[in-house]
Every structure is written in structure tokens, then in C-alpha cells.
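Comments concern the structure below.
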Amino acid sequence: MRPLMTIAAALVLCMATAPVSKAADRNSTSSGNYEVMSIGTGTPGTKILKVYVTDRNKKNAPALARKAAVEACLFRGIPAGGRVAATPALCSISAEKEHADFFGKFFAEGGQYLRYVNLTSEGAIPDEDIIKVKGGYKVGVIVQVMYDNLRRDLQDAGIIRSLGSGF
């Protein structure tokens, strides 16, 4: 029975994740090799995501997942999952290029993106969320993103328009 549940969970995960993108000009995450699925909303203004990152060293997963979660909110959007509707990206790819200096500093090691993300389980990763793959590990990390704060600060910085500004 357990193998069937594992297979079913893997199929659901495959259907619910965002496509993996490896844009050559994107440097906001170290590899761009991640998948995101929405788990729900936490406290008002936050989103709970499960981020699967792939790396040679599974110990890098929490740091990579933090960065990937914020990048997904900014440039990819978050796919629907469970009872949570899909969320469009806050920025466009052109905004990333247009504000390259801002995003370069924002996503630098120890950068501002860390203000908007928390690991929900103190970084503890269950064994079932660590999958051995060719060249390393695919690791699932549950992350909370302070989505409303992120959006508000990007509006204040002039990166995106406010929701009430019209078209």
C-alpha cells in the first residue's frame, strides 16, 4: 500500500508544480532548477509554498529554496494547489532586465530577499522529501513568503505599480 501512496503523491506533485525554467540571462537563483507548488496561505498576507530544488549537496536546499520561493513570486507566479488559486507573477521578465541593478543586489548572498521568506520547519527536511537524482538531490522545503510585504516594498521602490494605479 505504501508504494502506491508514494507513486500517487509523485503523480500529484508532477501535475501541480510549475515548469522548471533555466533562463540563461537569469541570475537571481543559482541554477534556476526548481519547482514550486502552493500549499496554502498562512497568516494574512503570506503564502506557504513547497519548493523542490536540485543540487549536488542536499544541505544547500534550505538556502536555495528561500531564493527560489521569492523568485517564483516575482517572475514565474505560483501555480494553483489544493484550495489555493494560482497567483500571477508580481513582475515581468522585462522588469527584471529593466531593474537589473536592483534585482542583482536584492538576490545577492545575504540580500534583501531574505526579509520576505522563512522556513516553516526550522529547516528540518523529512526523508521522503529528499530524492536522489542524477548528479545530486532533489529536496522539498516548505517555505513561507511574506507576499504582501514583498509586493508593497516593490511598489515603494517603483519596480511594480500598485494594484489601484490602473492600467
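Given points 7 Å out from each Cα along the Cα-Cβ axis, report the residue 85 to residue 105 separation in nanometres with one decimal.
Distance between label points: 3.5 nm.
Need the list of aspartates and glutamates near residue 97 for cross-linking: C-alpha distance under 15 angstrom, and skip anything on the same chain fewer than eight residues off.
Correct list for residue 97: 25, 71.
Under the Kirkwood approximation applied to all pairs of distinct alpha-carbon atoms, what is the hydrodynamic radius of the stretch 72-149 in Å?
14.8 Å
Please give the net charge around residue 58, taking every other residue with its beta carbon less than 12 angstrom from that of residue 58, where Lys and Arg add +1 and Asp and Glu add -1.
+1
Quick check on my link table: of 59/134; 105/138; 58/105; 50/134, which ones sit more than 24 Å apart, alpha carbon to alpha carbon?
From the list (59/134; 105/138; 58/105; 50/134), the Cα-Cα distance tops 24 Å for 105/138; 58/105.
Among 112-119, 150-157, what's the highest-first ranking by average C-beta atoms within 10 angstrom per residue?
Going by the mean number of other Cβ atoms within 10 Å, highest first, we get 112-119, 150-157.
A short reminder: the numbers here are calculations on the coordinates, not readings from a lab. Computed from a prediction, not measured in an experiment: that's the story for all the values here. Neighbour counts run over all protein chains shown; Cβ positions are idealised from the backbone, glycine included.
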